[in-house]
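Colleague: Submitted below is the structure of interest, expressed as structure tokens.
Rule-based calculations on the coordinates, nothing more; no lab input. All of these numbers come straight from a predicted model, not from anything done at the bench. When we count neighbours, we look across all protein chains shown, and the Cβ atoms used for this are built from the backbone with ideal geometry, even at glycine.
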Amino acid sequence: MNLNELSIVEARIKLDNKEISSRELTLSCLAQIKKLDSEIQACLLVDEEGALMAADQADKIISASDYQVDANHDLLGIPYLCKDIIMTKGLRTTAASKILENYIAPYSAQVVKKLQTAGAVLLGKTNLDEFAHGASTENSAYGPTHNPLDLTRVPGGSSGGSAAAVASNMCLFSIGSDTGGSIRQPASFCGVVGLKPSYGRVSRFGLLSMTSSTDVIGILAKTVEDTALVLKNIAGPDNLDATTLSDTPDNYPQEVSKITNLKGLKIGLPTEYFLKELDPLVSQRIKEQAEKLKTAGAELVTLSLPYTKYGIPVYYIITPSEISSNLARFDGIGWGSAQEKAFDLHEFYEINRGIGFGPEVKRRIMLGTYALSAGYYDAYYKKAQAVRTLIIKDFTQAFQQVDVLLTPTTPHPAFKIGEQIDDPLTMYLEDIFVTGASLAGLPAISVPAGLVPTKDGPEMPIGTQLIAPQLQETRLLQVAKFLE
Ligand code: GLN
């Protein structure tokens, strides 16, 4: 087994036993990137020098005579990759957009700082849909990422680079962001674990905002236990992000390892997520996963989330609205590179935003501006917010009956590159099962559910999604462990 194939838990033991060094582990990940990334294109930047320096520092700590092998070194010397919409001081941070082509981040996101303090080794930055707008990573200004399990297919999106990198063992874990499924859907398409924590559980400081009311930073990893370890190291309140929640995070890995069965737990299967239109193979596979939980002692309950069908329309009003506002800052002056001289300020914006943004970003800015404009605000944005409240209520009511919800993450396995890119509506429908938890700010995870046949290629992975009440990451991870 190559070192880059290890899980965090496995690598931790080997590092602490001094069987391997962080430098060796890091070199093995860098070698894998060199070997595969010309085909997969998961990385937008590889910082070999910075990574080896961080690895050497970790090795120094581990080999010191006063080093104690205890739980406080979860991530010391562990190599990871970070989605390129998250600021990394001194390194280019592009959001996969041309408008930030030469942008060097002047500070690091809080998550990156926390990982640095924990001694994790940042290998580089991963590809995404431009500004995280998309579900396939085809909207990157730097070209699409390919699914490592079938290079003709998408890895999902928008954290497609982060998912593909974990699936192809370029790193031990990666950091992504999820606004409306962008961690869970690519995790499902690439066969890895993807966790979107509760809104406010992890600081967004240093994440380039897409939809501030649903943006969450989260984790892509090889196992549930690894996910718990990373969450422990990035969760918690932050003075620099007023939307973080003050509750002290649990010791997730410890809580996950404690549980031996699911007796007394109720798992809800919402009928709206298992409609007859759903691919029967996907439906069957996900129901098999639910049976696993039953075997572990849980009770399965069928219930209804009647407002589910409004998830996509609501999401695609609210998201573009917030995007049109958040992306106003990329004007080529304060933010973003100015490429052309102009006659006046208006023309300057027109030229630079015209060149700098890709078609999907422009579509969303236009849709959002329209939805927020006088005369349409009440009919679109305000109405969408009202329906959002009903979607939240659906979940609140469901959690009076059950502890966790179980659904498919995606309606089908990864589709082919190019297959849907010219059809924005079909692409938006990819998010059918993932936007609900985002609109309600709930924690949700995608856990690999095995492979399903495809009509035009090899069998491909799909994921089971679990959704829990706000701040119940522990419960979510505990149930996820039984699916694994
Ligand atoms: N597919 C969703 C979208 O295009 C997901 C975005 C996200 O979570 N960043 O908006």
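Colleague: Please enumerate the residues belonging to segment 344-392 that are acidic (Asp, Glu) and within 21 Å of Thr319 (Cβ to Cβ).
Modeller: First pass over segment 344-392, keeping only residues acidic (Asp, Glu): 344, 347, 350, 360, 378.
Once the filter is applied, which keeps residues that are acidic (Asp, Glu) and within 21 Å of Thr319 (Cβ to Cβ), segment 344-392 yields Glu360, Asp378.
One line per residue, one yes/no per condition, for (1) closer than 26 Å to Leu425 by Cα; (2) touching a Lys or Arg at 6+ places or on another chain (Cβ under 8 Å):
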residue	(1), (2)
Lys83	yes, yes
Met87	no, no
Leu91	no, yes
Gly119	no, no
Asn147	yes, yes
Leu151	yes, no
Pro155	yes, no
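Colleague: Here's a follow-up. Can you pull out every residue in segment 1-57 that is of a type in the set (Ser, Thr, Tyr) and under 24 Å from Ile85 (Cβ atoms)?
Modeller: Step one: of segment 1-57, the residues of a type in the set (Ser, Thr, Tyr) are 7, 21-22, 26, 28, 38.
Selection gives Thr26, Ser38.
Colleague: Might you check whether a residue that is within 20 Å of Arg475 (Cα to Cα) and within 16 Å of the ligand (Cβ to nearest atom) occurs anywhere in segment 397-412?
Modeller: Checked against the condition, which is being within 20 Å of Arg475 (Cα to Cα) and within 16 Å of the ligand (Cβ to nearest atom), segment 397-412 yields at least one hit.
Colleague: Do we find that Gln472 is of a type in the set (S, T, N, Q), surrounded by fewer than 22 Cβ atoms within 10 Å (Cβ to Cβ) and closer than 26 Å to Thr248 by Cβ in this structure? Write out each step before concluding.
Modeller: Numbers: of a type in the set (S, T, N, Q): yes; surrounded by fewer than 22 Cβ atoms within 10 Å (Cβ to Cβ): yes; closer than 26 Å to Thr248 by Cβ: yes.
Answer is yes for this residue.
Colleague: Return the pair list, or none, for Cβ contacts closer than 8 Å from residues in segment 313-326 that are closer than 12 Å to Phe131 by Cβ to residues that are small (Gly, Ala, Ser) and outside any helix (DSSP H, G or I), at least 6 apart or on different chains.
Modeller: Matching pairs, first to second residue: Thr319/Gly180; Glu322/Ser209; Glu322/Ser212; Glu322/Ser213; Asn326/Ser209; Asn326/Ser212.
Colleague: Among (1) free of Cβ contacts under 8 Å to residues at least 24 places away in the same chain; (2) in a helix (DSSP H, G or I); (3) not acidic (Asp, Glu), where does Val112 come up short?
Modeller: All conditions are met except number (1).
Colleague: A follow-up question, please. Can Glu322 be described as in a helix (DSSP H, G or I), under 28 Å from the mean Cα position of the chain (by Cα) and within 16 Å of the ligand (Cβ to nearest atom)? Let's see the steps before the verdict.
Modeller: Details: in a helix (DSSP H, G or I): yes; under 28 Å from the mean Cα position of the chain (by Cα): yes; within 16 Å of the ligand (Cβ to nearest atom): yes.
Against the criterion (in a helix (DSSP H, G or I), under 28 Å from the mean Cα position of the chain (by Cα) and within 16 Å of the ligand (Cβ to nearest atom)), Glu322 qualifies.
Colleague: Hey, another quick one. Pick from Asn102, Asn127: which is under 30 Å from Gly418 (Cβ atoms) and crowded, with 20+ Cβ neighbours inside 10 Å?
Modeller: Testing whether each residue is under 30 Å from Gly418 (Cβ atoms) and crowded, with 20+ Cβ neighbours inside 10 Å leaves just Asn127.
Colleague: Counting only residues that are over 17 Å from Pro320 (Cβ atoms) and surrounded by 13 or more Cβ atoms within 10 Å (Cβ to Cβ), how many does segment 348-374 have?
Modeller: 7
Colleague: Looking at (1) surrounded by fewer than 18 Cβ atoms within 10 Å (Cβ to Cβ); (2) within 21 Å of Arg92 (Cα to Cα), find the lone condition where Phe330 falls short.
Modeller: Phe330 satisfies all of (1) surrounded by fewer than 18 Cβ atoms within 10 Å (Cβ to Cβ); (2) within 21 Å of Arg92 (Cα to Cα) except (1).
Colleague: With respect to the numbered conditions (1) away from the ligand (no atom under 15 Å from the Cβ); (2) among the polar types (S, T, N, Q); (3) within 16 Å of the chain's Cα centre (by Cα), which one is the sole condition not fulfilled by Ser438?
Modeller: Only one criterion is unmet by Ser438, namely (1).
Colleague: Search segment 245-262 for residues being within 20 Å of the chain's Cα centre (by Cα) and part of a helix (DSSP H, G or I), and hand back the single one that is nearest to Leu207 (Cα to Cα).
Modeller: Result: Tyr252.
Colleague: Just to check your reading of the model, which residue among Ile432, Ile445 is closer than 30 Å to Thr223 by Cα, away from the ligand (no atom under 14 Å from the Cβ) and buried (at least 19 other Cβ atoms within 10 Å of the Cβ)?
Modeller: Ile445
Colleague: For the subset of segment 207-244 comprising residues that are within 16 Å of the ligand (Cβ to nearest atom) and assigned to a loop (DSSP other than H, G, I, E, B), which member is surrounded by the most Cβ atoms within 10 Å (Cβ to Cβ)? Quick ask: steps written out before the conclusion?
Modeller: Let us first name the residues in segment 207-244 that are within 16 Å of the ligand (Cβ to nearest atom), namely 207-220.
Subset that is assigned to a loop (DSSP other than H, G, I, E, B): 208-215.
Values: Leu208: 27, Ser209: 19, Met210: 25, Thr211: 23, Ser212: 14, Ser213: 17, Thr214: 22, Asp215: 23.
Among those that are within 16 Å of the ligand (Cβ to nearest atom) and assigned to a loop (DSSP other than H, G, I, E, B), it is Leu208.
Colleague: Just to be sure I understand, how many residues within segment 297-324 are closer than 17 Å to Glu360 by Cβ and hydroxyl-bearing (Ser, Thr, Tyr)? Talk me through it step by step, then tell me what you get.
Modeller: Of all residues in segment 297-324, those closer than 17 Å to Glu360 by Cβ come to 312, 315-324.
Imposing the further condition that a residue be hydroxyl-bearing (Ser, Thr, Tyr) reduces the set to 315-316, 319, 321, 324.
Counting residues in segment 297-324 that are closer than 17 Å to Glu360 by Cβ and hydroxyl-bearing (Ser, Thr, Tyr) gives 5.
Each row is one residue, and each column tells you yes or no for (1) closer than 16 Å to Phe415 by Cα; (2) within 8 Å of the ligand (Cβ to nearest atom); (3) surrounded by fewer than 24 Cβ atoms within 10 Å (Cβ to Cβ).
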position: His133; (1), (2), (3): no, yes, no
position: Glu138; (1), (2), (3): yes, no, yes
position: Gly157; (1), (2), (3): yes, yes, no
position: Ala164; (1), (2), (3): yes, no, no
position: Asp178; (1), (2), (3): no, yes, no
position: Gln185; (1), (2), (3): yes, yes, no
position: Cys190; (1), (2), (3): yes, no, no
position: Arg201; (1), (2), (3): no, no, no
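Colleague: Condition (residue is of a type outside the set (A, V, I, L, M), within 16 Å of the ligand (Cβ to nearest atom) and assigned to a helix (DSSP H, G or I)) applied to segment 326-349: is it met by at least one residue?
Modeller: Yes; the residues of segment 326-349 include at least one that is of a type outside the set (A, V, I, L, M), within 16 Å of the ligand (Cβ to nearest atom) and assigned to a helix (DSSP H, G or I).
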